[in-house]
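Contents: one structure, followed by commentary.
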Amino acid sequence: SAAALVAASLLGSADHFTTSWEARCDRSCAASSRPKRGRSMRVRSGVLCPLLAVGSMAMAQAPKPKGDAIFDSIERMQARIGRPWGRFLDAGTGRHSLHWISTIETEAWTAVTAAQEMAVQSRDSVRGAMREQDRVVVGNWDDDTFLEGETFDVILADYLIGAMDGFSPYKQDLIFERLQRHLAEDGILYIVGLEPIPDSGAGAADVICEVRRMRDAMILLAGHRCYREYPIEWIYRQCRRSGFEVMESLKFPILYSRASITRQLDVGRRKLPLIRSRHGAATALALSQACDALQHRIDDATNFSKVSPSGVTADTRIRFGFDYVMVCQRSGRRGKDAEDVVKDAEDV
Ligand SMILES: C[S@@+](CC[C@H](N)C(=O)[O-])C[C@H]1O[C@@H](n2cnc3c(N)ncnc32)[C@H](O)[C@@H]1O
């Protein structure tokens with residue numbers, strides 16, 4: 001069944017490498033410095049449900065990779081499904097997703113953000129490529145009347161759910177049914193997210209967990225909200241509960257460089273002035289020194305400044321965690337799925 005195939009995919013081995021670690025913790029997303037995802041280094045062996053596999057493969061022209069492993073894979077999946085992009089909704093927009101959307105052949109796109117500042121950045125990223133029928137809209141999915149009655153052929157939720165804690169906290173579970181209301185009968189939903197960074201990691205990877213802890217502590221001490229990422233299993237459960245059929249899921253292992261780990265520490269460092277004003281100079285100084293100590297750990301873990309025998313300065317990347325994409329369509333079997341889930345929960 002499709003569910004079994006997806007389960008296999010969830011357990012399956014890594015298929016792509018990315019070099020990203022989003023600075024998504026900054027509430028406004030203003031500090032987001034999403035680096036380019038790395039090129040795909042291995043081609044997925046292919047865990048596809050029949051819906052994707054039937055008919056369309058042969059017809060599909062493989063799209064040219066544009067350099068972002070996740071968006072490239074979404075383009076390939078859409079080509080395999082064999083449907084046009086049509087009316088496109090970027091349900092949590094930003095510079096990167098919108099810039100990519102401006103390169104694909106949509107009929108029209110709507111890009112949503114809850115933050116005015118993000119709307120400005122997003123519009124800037126597509127300056128010159130925005131058509132009359134395209135729009136960037138500021139609104140909140142928490143508002144029941146927002147985009148009322150509008151449907152789209154493709155919906156992208158690119159790091160939207162992880163960001164919701166900053167804009168509509170405790171409503172993350174509701175976004176699935178909400179997006180379904182906006183999805184055309186035969187539409188496709190792509191959900192992109194980051195598997196949460198665990199509390200500890202083996203060997204060199206542990207510094208990544210430590211940086212995450214420091215960054216989030218500093219965000220909280222500054223009086224801001226951290227983003228809350230959700231694991232792929234949680235996303236899968238919510239999709240099924242709200243009546244989606246999950247067609248495929250892909251994992252994109254992340255390769256952390258010294259620069260990408262340091263960028264996360266810098267998200268915390270930028271909170272120091274606010275921490276100083278809220279908690280005093282001594283607290284800010286202690287945290288600043290703790291950041292410096294962590295920077296040394298990052299440098300050690302990535303072999304920064306060490307010169308290899310070939311004379312090249314080393315910067316070892318650490319493979320840890322993953323981003324994911326889940327591809328869904330309406331299942332049309334909502335009642336049955338919901339009953340199944342309730343029964344499972346009772347069994348537990
Ligand atoms: C991490 S950013 C997305 C990054 C973006 N896709 C990119 O490529 O740069 C999350 C986006 O989701 C939006 N968002 C989060 N919660 C929202 C909500 N409840 N309603 C509407 N937009 C929301 C934020 O305003 C922001 O535009």
Practice task
For C209, put the label point 7 Å out on the Cα→Cβ axis and report which residues of region 288-309 keep their amide N under 20 Å from it.
Solution key: 291, 293-303
Problem - Chain lengthening between R278 and D292 when straightened (0.36 nm per residue, less Cα-Cα) - result: 2.9 nm
Handout entry: Estimated distance in nm for a label pair at E185 and A62, the labels positioned 7 Å out from Cα along Cα-to-Cβ
Key = 3.5 nm
Handout entry: V307/E233 FRET efficiency (R0 41 Å; Cβ-Cβ; nearest 0.05)
Key = 0.45
Exercise for the section: Sort the following peptides by mean Cβ neighbour count (other Cβ atoms within 10 Å, averaged over residues), highest first: 175-181, 292-298, 264-270. Expected result: 264-270, 175-181, 292-298
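Computed from the coordinates by the stated procedures, all read-outs in this text should not be read as laboratory data. Here the structure is a predicted model, which means the values were calculated and not measured. Heads up, the Cβs are rebuilt from the backbone with ideal geometry, glycines too, and the neighbour counts pull from every protein chain shown.
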